[in-house]
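Below you'll find the structure, written out as structure tokens, and then a few comments.
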Amino acid sequence: MNFGMEIVWWLVPAALAMGAGFLIAFIWSARNGQYEDLETPAVRILFEEESKNKKEQIDAAGRTL
Amino acid sequence: MQQVERFKYDDGIVRKFTIATLAWALVAFLAGIYIAFEMAYYKLNFGVPYITFGRLRPLHTNAAVFAFAGNAIFAGIYYSMQRVLKTRLFSDKISKFHFWGWQLIIVSAALTLPFGFTQGKEYAELEWPIDIAITVVWVAFGYNMIRTILQRRVKHIYVAVWFYIATFVTVAVLHVVNSLSIPFSLIKSYPVYAGVSDALVQWWYGHNAVAFFLTTPFLGLMYYFIPKSVNRPVYSYRLSVVHFWTLVFIYIWAGPHHLLNTAVPDWAQTVGMAFSVMLWIPSWGGMINGLLTIRGAWDKVRTEPVVKFLAVATIFYGMATFEGPLLAIKSVSEIGHYTDWIIAHVHSGALGWNGFLSFGMIYYLVPKLWNTELYSKRLANVHFWVGTLGILLYLIAIYTAGITQGLMLREVSDAGRLAYPDFVSSVTRIIPLYWIRGVGGLCYLGGFIVMLYNVRMTVKLAAKNPGDTEDEAVPYQAKESTADPHGGFSHRILEAAPMVLTVLVVVAIGTGSLISLAPMFASSSIVEANYKAQMLKPYTALELAGRDIYVREGCYTCHSQMIRKTVSDVLRFGNPSTIEESVFDRPFQWGSRRIGPDLARVGSKYPDLWHYRHMMNPQEVVNGSIMPSYGWLFKDKIDYAILNKKLDVMKSLGVPYSENDVETAEDRARSDAAKIAEGLRADGAQVKDDSEILALISYLQRLGGAK
């Protein structure tokens, strides 16, 4: 009798495989430089509005673009 | 040197999700308020099956979580992600598919739950065809998101996006694992897990549904919308990164704290408790980080409704995450579990954190999306104050109710007897508080209706066809130093941090899940041994039919079937429940709230006639009961024909039925039912041989005596 447990047994090797991927992935993310600069990103998101020019476009054309 | 690129954001999809958020919020709030008043005044059940508490509560929770919060998440994610990554969403078509698919899922939920099509697992009630649809749409969402991240023009992935990735990956895994079931009809199915396994999978899911559907995405939104609304960078970006990783790693282990003092092995409970307590640190780190972002801009809290909502939401996040670990301590859980304390805890999160954050976000989004100003800041302020009042009324009433009932139920006199042996007295005591809670809900709804009006007017006064926002950016070079002219698709994929992050998250939750699911292995072998030793008998066909009625009616929303290892539970209901007792339970029905007494050992406590009369009219049998009457069970007929199929599916899942059991299921059920009916008629009751009540009685009478 197995009470449907075979599905979980299938999950074990799958999870272990993910564990192997973990190590590789972690080295990657550090080498990719995601954590090098932890100052600029916080500020950068505040600037997006400046390049917005939707308003003018609608005014100029009198309709949406 | 790369050229500056001009591009447009997909604002249309965000507008769609925003409107859907508002529409479904209304449904969720109305359903919630209705069931709140059903608690206060049971007659509101009206004897109509579709609106009884047991069927409507799942509709309320699903609407609140997946329809209201879900659409809000999608709106916020699609809006902020495009902007921090400086790119349009990967595919307009997938975005549309995502939107309409999700709305269709919600509609089908609303069309099945009131009819009793439920898997009987909290927040995972939807049946298998809908579960498949959810998986498809969810994967479409994730694919759209990952591809968008891959085509970004900013190398750094802003912290909010990490929260979104974690949300996608984790919810996908949780949903699939918890929903695995084998259909026995076009709509209905039995879960592949039974008893304690089902309980562990379910609460591993249930807890993390809260963590990864109601927390991580909203934290991502917090880290975007708070800085934007006060125009200041997040207080500590480094802390936000730490917040993310610690949460992802710790959350996934905490599931067993929903099963403290139960039959789940002690060590698993301890693991759940330990990790829950650890959650204190990152949660509060994040909350303080959010609030400190507003520092120096406190004047905006006074003047800007958006900031007001966001600030208070963050405070509620802090409150809920302070309380959560507290409730995960065994001795606190002993009082709080099964009572309204948990309902209060959930609503400080849902109304305060998720609700207010969504409202703040929408007040921020609507003017931007429709390219105009908010119609009235004053009305938004009114919404804020009325909503806050609603939350306070709700919480004060329901915390009091929960703690009152918890203390009453566990009070034992010096002589070692229960101070309140009569369960109903603990219910009637808190009815006045239920009225106050209902009024709190009405306030919250009132504030929301003001918002609907405000948004409606804003959109009405805005120019037609608001269009898409245009932006420009210089794409970053994937590899500055060693530019590889032959770097093809696979190379870029390898470079892409989102993939890395996705894998990281998968691994984080994978390992955590394994640990929290591990007790299943242990317990399954225990169960197997006990099964052989004690010769536990699986449910008869008629009992199974009755059990399915129990699930269909959502009796588990008011009744537990799990006597805990606590003094008062044992005095009140009998020996603690054991793992073996629920070994055939698909789904498990341990429950999470006791508005009525535990039913784990209700079998043979009363004669059949008692149940007959009680189900017909509870108030006639038990003074002060607030249980709905189930008149339709006396008219509706047992579906005998499907029983062979049901047993067959159970057999394929490993339940020890013989071929003969399966083939004769229908006949045996008929003769069992006839026997019960005969007995009832001998006692003067009127009942037909195929009335559903017979199946339910046969199930109830078997509870606790499963040998």
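The values are calculated or read from the model by the stated rules, or taken from the named source; none is laboratory data. Quantities reported herein were computed from a predicted structural model and do not represent experimental measurements. Note: ideal-geometry Cβ built from the backbone for every residue, glycine included; neighbour counts use all protein chains shown. For accessibility, only protein heavy atoms count, side chains too; no ligands or nucleic acids. Shrake-Rupley method; radii C 1.70, N 1.55, O 1.52, S 1.80 Å.
Some points to look at:
- Simple label model, 7 Å out from Cα along Cβ direction - residue B:23 to residue B:143, nm: 2.5 nm
- The share of alpha-carbon pairs in the stretch B:246-334 lying farther apart than 22 Å comes to 39%.
- Amide H contacts of residue B:691 (H built 1.01 Å from N, under 5 Å, at least 5 apart or other chain): B:638
- The residue among B:168, B:609, B:643 whose Cα reaches farthest toward the positive pole of the charge dipole of chain B, with charges on the beta-carbon of Lys, Arg, Asp and Glu, is B:168.
- Taking only protein heavy atoms and a 1.4 Å probe, the accessible area of the protein assembly as shown is 64% carbon and sulfur.
- When only alpha carbons are used to place a centre, the stretch B:643-707 and the stretch B:282-296 end up 58 Å from one another.
- Put simply, when B:231-242, B:16-27, B:253-264 are sorted by average Cβ atoms within 10 angstrom per residue, most first, you get B:253-264, B:16-27, B:231-242.
- Put simply, the amide H of residue B:418, placed in the peptide plane, has neighbours under 5 Å in B:413, leaving out anything fewer than 5 places away on its chain.
- With θ taken as phi - 60° and the Karplus curve 6.51 cos²θ - 1.76 cosθ + 1.60 applied, the whole-hertz 3J(HN,Hα) list for the stretch B:173-185 is 5, 4, 4, 5, 4, 6, 8, 4, 7, 10, x, 10, 8 Hz, x standing for glycine and proline.
- Anisotropy class of the stretch B:569-707 from Cα gyration tensor, a/c 1.5 cut: oblate
- Directionally averaged projected area (the protein assembly as shown, Cα convex hull): 34.0 nm².
- Separation of the stretch B:607-640 and the stretch B:146-209, taken as the distance between their Cα centroids, equals 38 angstrom.
- All Cα pairs of chain B, percent lying beyond 49 Å: 17 percent
- Gain upon complete extension [residue B:176, residue B:303; 0.36 nm per residue less C-alpha separation]: 41.2 nm
- Mean separation of Cα contacts under 8 Å, 6 or more apart, over the residue count of chain B: relative contact order %: 18 percent
- Per residue solvent-accessible surface (Å²) - the stretch B:389-467, probe of 1.4 Å: 47 Å²
- Global geometry of the stretch B:87-241, whether rounded, prolate or oblate, following the gyration tensor of its Cα atoms and the 1.5 cut on a/c: prolate
- The stretch B:415-476 and the stretch B:12-35 have Cα centres lying 10 Å from one another.
- For residue B:460, solvent-accessible area (1.4 Å; no DNA, RNA or ligand), Å²: 120 Å²
- Aspartates and glutamates with Cα under 16 Å of residue B:16, excluding same-chain neighbours fewer than 8 positions away: B:92, B:468
- Per-residue SASA entry for residue B:128, accessible area with 1.4 Å probe, Å² rounded to 10: 60 Å²
- Crossing angle, helix B:266-278 versus chain B [Cα axis fit, 0-90 degrees, rounded to tens]: 30 degrees
- Spacing of the two label points (7 Å from each Cα toward its C-beta) at residue B:8 and residue B:537, in nm: 7.1 nm
- Each residue of the stretch B:686-700 is assigned a 3J(HN,Hα), and the resulting list reads 9, 7, 8, 6, 10, 7, 4, 4, 5, 5, 5, 4, 4, 5, 4 Hz, derived from the Karplus form 6.51 cos²θ - 1.76 cosθ + 1.60 (θ = phi - 60°), x at Gly and Pro.
- Across B:188/B:635; B:377/B:460; B:377/B:464; B:330/B:651; B:96/B:464, pairs whose alpha-carbon gap is larger than 26 Å: B:330/B:651
- Projecting label points 7 angstrom from Cα along Cα→Cβ for residue B:431 and residue B:331 puts them 3.5 nm apart.
- Using the 1.4 Å probe convention, the accessible area of the stretch B:1-147 works out to 34 Å² per residue with neighbouring protein chains retained.
- Between B and A, buried accessible area from a 1.4 angstrom probe totals roughly 4700 Å², ignoring ligands, DNA and RNA.
- Helix B:643-652 and the longest principal axis of the Cα set of chain B meet at an angle near 60°.
- 10 Å Cβ shell holding at most 15 others, DSSP loop, GluC sites (Glu not before Pro): longest site-free stretch of chain B: B:1-372
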